[in-house]
Amino acid sequence: MFKHYFEQIHNIEVWPIVSLVIFFLFFVGLLIHIFKIDKKFINKMENLPLEEDEVSVNES
């Protein structure tokens with residue numbers, strides 16, 4: 001059924017390549033971002049859930 005529809009679309013063979021390139025570029029960009037991110041920011045974000053809330057400490 002779908003074969004008939006796909007035969008009617010011109011240049012359909014290029015779209016899988018385009019999607020693979022977009023997928024690859026997204027993850028390469030993500031890896032570059034991860035390696036360039038500031039280590040102080042990462043440490044602050046990973047310790048954020050463990051910090052006590054200042055409002056609850058002042059109320060006690």
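Taken together, the values in this text are just the output of simple stated rules run on the coordinates, not laboratory data. From a predicted model like this one, the values you see are computed outputs, not experimental measurements. With ideal geometry, Cβ positions are generated from the backbone for all residues, glycine too; neighbour counts draw on all protein chains shown.
Here is how the numbers come out for the structure above:
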quantity: Using θ = phi - 60° and Karplus 6.51 cos²θ - 1.76 cosθ + 1.60, couplings along the stretch 33-42 (whole Hz; Gly, Pro as x); calculated: 4, 5, 6, 9, 5, 5, 5, 5, 5, 5
quantity: Cα-projected label distance for K36 with F23, points at 7 Å along beta-carbon direction, nm; calculated: 2.5
